[in-house]
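Comments concern the structure below.
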């Protein structure tokens, strides 16, 4: 009998192989069930029913968050109402927005149903706040200060005026511009994501002015404008609002950013047509 053989037909190497197969199969089942904690249950596109899964969903598990709260996953099914309909009855058919496509939450304007609470720093403070709240922050003299600039939409018309900058306390940078709309557009303040804004100064020699003149007189913001290509000036009036004037929740961030992203396709009918 060979060394390591248990019987004439079974040896240690063979048992090790079988043990590996059993372990690997168990690992696949475990990982598949853990995947169900995100995006579960699976809902079919055609009839909206819950699809049968190969493995049962995992037991609820509690996670301790840094702020002391606990969260249990999988979470209860709480999907937002889909404001779109498939163009045909086959799975994977494109979705066509119903109602205002800018607020449908589909396509480039899709957003995630995040918690309706502010993102917090490790010190327990709201992460994104206006400069009027976080007074230790300021706009660098070398950069353009957008406050006081007019905001111009994709149609070349003025939508409003920038009144404040909202900064990220964790990563010191401007996240949003607070835009004051005129009375005919509702007269309220809306937030413009910085990624959708382009600041242009009055003339190309502004940087020379900033280098040669005293700091305050050389700031690049003199006479500048903020240009937005994603939406029209008239569409600023429907930008989703925030519940608080001095903080923004994670869900509000999703909806506001999704609105401007939706404009890249739905702001004008021509944007949905082929380029050629």
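For this structure, a couple of remarks:
- Compactness relative to 2.2 N^0.38 Å, alpha carbon Rg of region 107-272: 1.07
- Taking 7, 249, 264 and counting other C-beta atoms within 10 Å, the order from fewest to most: 7, 264, 249
- Percent RCO, i.e. relative contact order, over the chain, from Cα pairs under 8 Å lying at least 6 residues apart: 17
- In degrees, nearest ten, helix 12-35 long axis to first principal axis of the chain (Cα): 40
- Mean shadow area of region 56-101, taken as a quarter of the surface of its Cα convex hull (nm²): 6.2
- Global size of region 52-159 as Cα Rg and Dmax, reported in angstrom: 21.7, 60
- Helix-only CD estimate at 222 nm, as mean residue ellipticity for the chain, using -39500 (n - 2.57) per DSSP H run (n ≥ 4): -6000 deg cm²/dmol
- Pairs of Cα atoms nearer than 8 Å and 6+ residues apart set the relative contact order; for region 100-198 it is 17 percent.
- Long-range Cα-Cα pairs in region 13-107 (distance over 22 Å), rounded percent: 55
- Degrees separating the helix 250-266 axis from the principal Cα axis of the chain, which is the longest one: 70
- For the peptides 182-188, 268-274, the ranking by mean Cβ contacts within 10 Å, running from highest to lowest, is 182-188, 268-274.
The numbers here are math on the coordinates, done by the rules we state, and not lab data. The shown structure was predicted, so the numbers you read here are calculated from the model rather than taken from an experiment. Counting neighbours? That spans all protein chains shown, and the Cβs are built from the backbone with ideal geometry, glycine included.
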